[in-house]
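The values are calculated or read from the model by the stated rules, or taken from the named source; none is laboratory data. Since the model is a prediction, treat every value here as computed from it, not as a measurement. As a convention, Cβ positions derive from the backbone with ideal geometry for all residues, glycine included, and neighbour counts pool all protein chains shown.
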Amino acid sequence: MDNSSVQTVEHTALSEVLEPDSIVRSGFEPELGGELRQNAVFVDETVCIGCGHCAHTASSTFFLEQEYGRARVIAQDGDEEDLVQEAIDTCPVDCIAWVSYNELNKLEEARKHQTIRNLGIIGDGSAARRSMYQQ
C-alpha cells in the first residue's frame, strides 16, 4: 500500500468522526453498552403532548425537552426493554415506537427539518396529528 492510499483511508475515517450523521448505526454503539439491541426507541415529537408519563416510567431513557415541552430519548440503553415497553404501551397519543436503527437515522434526519411548536402555543388545538412512523 503506498502512502496516498494510507492518507485516503485515514481521511475517510476522520470524515466519519467529523460527520457522525453519515455513520450507520449497528446496535453495537457504546451508548448501548456494546450489546446488540434489536431496535431503537423513537419519540415522534410532533405528536407528543408532553404528559411526561414516559419520563416518569423510564426516566433513564426519556426526558421532557425544556424548550418545547415534549418527550425525547436521551439514552437508548437507559432502562430495561420491559420498562421502555411500558412507557410505549401507556403513551396516551402513541407517539413512541421501537424502530430499526436505519429507520431511526431517517427519522432523526426528518426531525431536523420539522417545525415544532411550544405546547403552550399549539394554535388551532388540533389533537389528531399523523405520526411520522405510521402510514
### Summary
Note on H56: of the conditions (1) farther than 19 Å from L107 by Cα; (2) at pLDDT below 95; (3) outside any loop (DSSP other than H, G, I, E, B), unmet is (2)
### Task
Being touching a residue at least 40 places away in the same chain (Cβ under 8 Å) and within 15 Å of the chain's Cα centre (by Cα) is the filter here, so list the residues in the range 44-61 that pass it.
D44, E45, T46, V47, C48, C54
### Message
Against the definition (more than 17 Å from K106 (Cα to Cα), surrounded by 14 or more Cβ atoms within 10 Å (Cβ to Cβ) and modelled with pLDDT under 90), how does L32 come out, yes or no?
### Response
yes
